Amino acid sequence: MEWIIKGITSTATKGYDGAKADASRADKSIKYCPDCKQCYEIDNERYDYYHFYENFPRYGKEVKKCRMCE
Ligand SMILES: [Zn+2]
């Protein structure tokens, strides 16, 4: 059973690090659209490309309508 427990633990740790990286990145460029009630991010390299984040915490985010709602 031991190898199974190790496997689960390493996967969980990896997932946590990924979430942490996303959160710090979010502070800079993620905005909240009050019309579609979603957080979104404009791709830095392609300004016509939006990433939408469902159920992303809007707290602290700049409120700005996305291109679809403007
Ligand atoms: Zn919108």
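In order along the range 57-70, phi translates into HN-Hα couplings of x, 7, 4, x, 8, 5, 8, 8, 5, 6, 4, 5, 9, 5 Hz, rounded to whole numbers, per the Karplus curve 6.51 cos²θ - 1.76 cosθ + 1.60 with θ = phi - 60° and x for Gly and Pro.
Proximity of backbone amide H atoms, modeled 1.01 Å from N, is registered between residue 56 and 39 at under 5 Å, excluding neighbours fewer than 5 places apart on the same chain. Using the empirical formula 2.2 N^0.38 Å as the baseline, the Cα radius of gyration of the range 31-70 reaches a ratio of 1.06.
Coordinate-derived values only; no laboratory data. The structure presented is a predicted model; accordingly, all values stated were derived computationally and were not measured.
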